[in-house]
Amino acid sequence: MHDHKRRDSLRLAMNRRVFLATMGGAAGSIVLGTPLPGRRAWAEQPAGAAFKLSAPEPNPKYGGTLRYGVLSAPAHFDVHQSGTISNMAPQGPMYDNLIRRDPRDGHTIIPDLASHWEIAPDTKTYTFFLRQGVQFHDGAEFTAEDVKATYARIIWPPKGISIPRTPLFSAVSEINIRDRYTVEFKLSEPRPTPFMLGAFASGWNIIVRKKTLEDNNYNLRQVMDFPGTGPFRHKKRVDKEVWIMERNPDYWNEGLPYLDGIEFYHLAPFSTDMGGALLSGKVDYARGLDPGTAKKVHTTPGMGSTLFYQSVIHAVWMNNRHKPFDDPRVRRALHLVFDKVVLVDLIQETAPMVLGGFLYPSQSLRPRQISWRSGWGISAIPPRRSRKHGS
């Protein structure tokens, strides 16, 4: 049984400050990092093997189980082939990346399984120097062979394997192992450094053991518990109910994690089930609250919530093989007849959305700033209409 007193104190602590909404997307760490004053969005001279994450408090407390409510019933278990929070939320804490985004700002790139890296002057060679002594959950040692096998599958997927992030690495022509703990990526042509490092730092590009891929014919869709190197490891899973993780006692980042475990409860976003679970104390943290529950949270002592943007598409999809949707004229007519602005406004109290694509309204880019990009031109961007009463 849980220690209820400790559990309650954990719930209050988690709700009183902004908990990392990207916990899963950052490959599992739920702690803050040691300050890196003056660093850029990426480091030309990374901190090296000495860099490790830790809590900002001088005496962080250990113990407790975080109960997390989130969509967590994936259609399969292959994180590389996925693009949904159903995989990343529960599976992320079991794995690490080569490099990652800093959990403090979600932007700065910091070391992970690679302690540091070098970029050639022509930006066509990226060399990563790996941490030594890292173990997978099954006890196997992590080496450059695992990095090469992981990225070879991502960049050049075998037949029948579809990985959404493959295009990010279209310029990579070679992956070479220089020694047991050094791996280099050769590009056929230069790419902007922020773009390439951002691709490597994607939380989806978890490092998988080479033997795991070989044993499963390079397809992990039906492999629920393949070993990672992350701060938590699989303990138990009940489909469409809960996925339980326990602390990895051999985690390479000494002192972490602070929690004894995490329990991921499958709760649909914006649902009354999710809101009820949080307000009743069944879960400590929930991702994707409906606005009504969020308002109640704000008026409940010891609880809090925050808004965040996410790269997720919520849409109504038509089956083009069924009449009348097989006729493109019908689909165009539906596109024109629906007032998207009104529809989005109607559901704001149930499922808050932002109308548009992945170039969010909150982003700082303006039409003239993106006009230089391939395929874009000022003439292609309609003039902004003034908003007047009655218009």
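Among the residues of region 314-346, the ones that are exposed (fewer than 10 other Cβ atoms within 10 Å of the Cβ) and over 22 Å from D273 (Cα atoms) come to 13 in all. Is it true that D339 is of a type outside the set (V, I, T) and at pLDDT 90 or above? Taking the combined requirement at face value, the residue does not satisfy it. Restricting region 183-228 to residues that are among the polar types (S, T, N, Q) and in contact with a strand residue (DSSP E or B) (Cβ under 7 Å, 6 or more places away or on another chain) leaves a set whose member that is surrounded by the most Cβ atoms within 10 Å (Cβ to Cβ) is T193. Apart from one condition, T293 fits all of (1) surrounded by 13 or more Cβ atoms within 10 Å (Cβ to Cβ); (2) of a type in the set (V, I, T); (3) not in a helix (DSSP H, G or I); the exception is (3).
Number of residues in region 303-317 that are modelled with pLDDT of 85 or more and either under 24 Å from the mean Cα position of the chain (by Cα) or over 30 Å from H107 (Cβ atoms) (or both): the value is 3. Close Cβ contacts (under 6 Å, 6 or more residues apart or on different chains) running from residues in region 58-85 that are outside the structural domain of E241 (by TED's automatic domain parsing) to residues that are buried (at least 22 other Cβ atoms within 10 Å of the Cβ) are absent.
Here is a yes/no grid of residues against (1) without any contact (Cβ under 8 Å) to a residue 40 or more places away in the chain; (2) under 28 Å from the mean Cα position of the chain (by Cα); (3) assigned by TED's automatic domain parsing to the domain that holds N97:
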{"position": "G261", "(1), (2), (3)": "no, yes, yes"}
{"position": "T272", "(1), (2), (3)": "yes, yes, yes"}
{"position": "G281", "(1), (2), (3)": "no, yes, yes"}
{"position": "G288", "(1), (2), (3)": "no, yes, yes"}
{"position": "G292", "(1), (2), (3)": "no, yes, yes"}
{"position": "N320", "(1), (2), (3)": "yes, no, no"}
{"position": "L336", "(1), (2), (3)": "yes, no, no"}
{"position": "D339", "(1), (2), (3)": "yes, no, no"}
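G255 fulfils the conditions (1) within 26 Å of T108 (Cβ to Cβ); (2) at pLDDT 95 or above except for a single criterion, (2). Among the candidates R100, R178, R131, R104, the residue that is surrounded by fewer than 16 Cβ atoms within 10 Å (Cβ to Cβ) and of a type in the set (K, R) is uniquely R178. Restricting T150, T125 to residues that are at pLDDT 95 or above and surrounded by fewer than 16 Cβ atoms within 10 Å (Cβ to Cβ) narrows the list to T125.
The values are calculated or read from the model by the stated rules, or taken from the named source; none is laboratory data. Quick caveat: nothing in here was measured; it's all calculated off a predicted structure. FYI the Cβ positions are ideal-geometry reconstructions off the backbone, even for glycines, and counts take in every protein chain you see.
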